[in-house]
1. When residue 151 is evaluated against the numbered criteria (1) within 16 Å of ligand 2 (Cβ to nearest atom); (2) open to solvent by 30 Å² or more (accessible area, probe 1.4 Å), which criterion, by number, is the only one it fails?
2. Is it true that residue 146 is within 18 Å of residue 292 (Cα to Cα), among the hydrophobic types (A, V, I, L, M, F, W, C) and either surrounded by 19 or more Cβ atoms within 10 Å (Cβ to Cβ) or within 16 Å of ligand 2 (Cβ to nearest atom) (or both)?
3. Hey, among the residues in segment 71-93 that are in a helix (DSSP H, G or I) and away from ligand 1 (no atom under 11 Å from the Cβ), which one's surrounded by the most Cβ atoms within 10 Å (Cβ to Cβ)?
4. Take the conditions of a type in the set (A, V, I, L, M), farther than 21 Å from residue 123 by Cα, open to solvent by less than 50 Å² (accessible area, probe 1.4 Å) and near ligand 1 (Cβ under 10 Å from one of its atoms) and apply them to residue 12. Does it pass?
5. Condition test on residue 162, is it within 12 Å of ligand 3 (Cβ to nearest atom), under 21 Å from residue 89 (Cα atoms) and among the aliphatic types (A, V, I, L, M)?
6. Would you check which residues across segment 45-63 are more than 9 Å from ligand 1 (Cβ to nearest atom) and open to solvent by less than 30 Å² (accessible area, probe 1.4 Å) and list them?
7. Quick check on segment 415-437: of everything there that is aliphatic (A, V, I, L, M) and within 29 Å of the chain's Cα centre (by Cα), which residue is surrounded by the most Cβ atoms within 10 Å (Cβ to Cβ)?
8. Name the one entry in 337, 346 that is among the hydrophobic types (A, V, I, L, M, F, W, C), open to solvent by 30 Å² or more (accessible area, probe 1.4 Å) and under 16 Å from residue 256 (Cα atoms).
Amino acid sequence: MTESGKPLKVAVLGCGSVGSQVVRLLEEQAADLTARVGAPVELVGVAVRRLDAAREVEVPEGLLTTDAEGLVARDDVDLVVEVIGGIEPARSLILSALENGASVVTANKALLAEDGPTLFEAAAKAGRDLYYEAAVAGAIPILRPLRESLAGDKVTRVLGIVNGTTNFILDKMDSSGAGFGDALEEAQELGYAEADPTADVEGFDAAAKAAILASLAFHTRVTASDVHREGITEVSAADVASATEMGCVVKLLAICELREQPGGEEAVSVRVHPAMIPRTHPLASVREAYNAVFVESEAAGQLMFYGPGAGGSPTASAVLGDLVTVARNRREGVTGAGESAYADRAVLPMGEARTRYHVAIDVDDRAGVLATVATAFAEHGVSIRTVRQEGRDDDAQLVVVSHEATDAQLRATVEHLQQMDSVREVSSVMRVEGGAE
Ligand SMILES: NC(=O)C1=CN([C@@H]2O[C@H](COP(=O)(O)OP(=O)(O)OC[C@H]3O[C@@H](n4cnc5c(N)ncnc54)[C@H](O)[C@@H]3O)[C@@H](O)[C@H]2O)C=CC1
Ligand SMILES: N[C@@H](CC=O)C(=O)O
Ligand code: NA
């Protein structure tokens, strides 16, 4: 056990948006951190790519180094904060830090979703902590609630808005009627979306977070490749208007569900895609770049976690929270809960995911067409909840909302519709989540 009062030495890897705020908080909150940990938390090195780069925080020159590997190899470093991002060199640096006896805090969702098990095994082998609250929904406490507060309950569903950039874009499309391109441009002007916004708008960022959430919620290893992913680039102003007509709003959702299988065993379904949710659902009120995660569990019922999911300072708040816990553990000579994957449930293919669907079909406006369209749905076992016709003649469109069906059933229905003479085009298919069946 570390002697009471002996400083705990911290190395920060990366000094960008998040790293600079971690360094700032470590300095500004030094006295409180000492009181909370029971020992000084001393910054001993900051690894950067270039010594002369402009930074949001002033780092004492003697602490800066471009030799990240050398920094994590120092035997006086107790705690390593990895905020470089990406797969390499972040993975090698974290593994070296653990092997060298340091505890690690990271915000790196891409790495955790791709290769979390390697990191968890290394942490267990080294007898050190690996904490990562900042990796999902930034400042919002959600991973430790899942890992600790809900450890005695059975989580059945996690529904999250976990990407701020896409929520901002969809919110703009909803409130102003803007198209995707204009809303993205505004998100870029305001600094929410990166110059290359692919990871956000194509759903990769949300899929990584969904994998992390599902792993913790269902005590099962889920990686990014297990997650069905669709982004928001195909969401049109017409989809958003259609959602409004149904009393819904379009959100990019990360959906993690426990599904009982015909044999009674439980499997996991994890998907990220745009979906309509009723405006009365708590997630519908999540505006701009905010995040929220809605959790359903057997004993607790419904829980909602809300707040800023991105940004240097909010994300640094989560990193510092982990750092305090990990530092306390180190002083006590203990470690927190490690990976829990004992349930080892199967991850279902997307074809078996069940939900409701909103399908817009451009049709010939003549007698009998509605009946043939309804027959196509029935043939594939998709039960219709409502149907309405919009427009007339060349503009006629049927808008069908189904009851719950599998993704495979819906896909077969859409293929069938596309073959029909009376159907000009299936112009939009969107899932409907979060309401009564
Ligand atoms: N910015 C945000 O809102 C959030 C970020 N995160 C995660 O936090 C991590 C950091 O993100 P940001 O600070 O936004 O990225 P960033 O790009 O602003 O900062 C990363 C920094 O690491 C530096 N770097 C790259 N290679 C390096 C190396 N070999 N040695 C030392 N430094 C190196 C870069 O020069 C850059 O300054 C990522 O894993 C990201 O996914 C998580 C939640 C929110
Ligand atoms: N790019 C992400 C930020 C970090 O997780 C987002 O837009 O939410
Ligand atoms: Na978080």
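The values are calculated or read from the model by the stated rules, or taken from the named source; none is laboratory data. Worth saying up front: this structure is predicted, and the values here are computed from it rather than measured. Note that each Cβ is placed from the backbone with ideal geometry, even for glycine, and that neighbours are counted across all protein chains shown. Only protein heavy atoms, including side chains, enter the accessible area calculation; ligands, DNA and RNA are left aside. Shrake-Rupley method; radii C 1.70, N 1.55, O 1.52, S 1.80 Å.
1. For residue 151, the failing item is (1).
2. It is true that residue 146 is within 18 Å of residue 292 (Cα to Cα), among the hydrophobic types (A, V, I, L, M, F, W, C) and either surrounded by 19 or more Cβ atoms within 10 Å (Cβ to Cβ) or within 16 Å of ligand 2 (Cβ to nearest atom) (or both).
3. Residue satisfying both the conditions and the ranking: 91.
4. no
5. Considered against the rule, which asks whether it is within 12 Å of ligand 3 (Cβ to nearest atom), under 21 Å from residue 89 (Cα atoms) and among the aliphatic types (A, V, I, L, M), residue 162 comes out as no.
6. 45, 57, 59
7. Filtering segment 415-437 for residues that are aliphatic (A, V, I, L, M) and within 29 Å of the chain's Cα centre (by Cα), the one surrounded by the most Cβ atoms within 10 Å (Cβ to Cβ) comes out as 430.
8. Of the residues listed, the single one that is among the hydrophobic types (A, V, I, L, M, F, W, C), open to solvent by 30 Å² or more (accessible area, probe 1.4 Å) and under 16 Å from residue 256 (Cα atoms) is 346.
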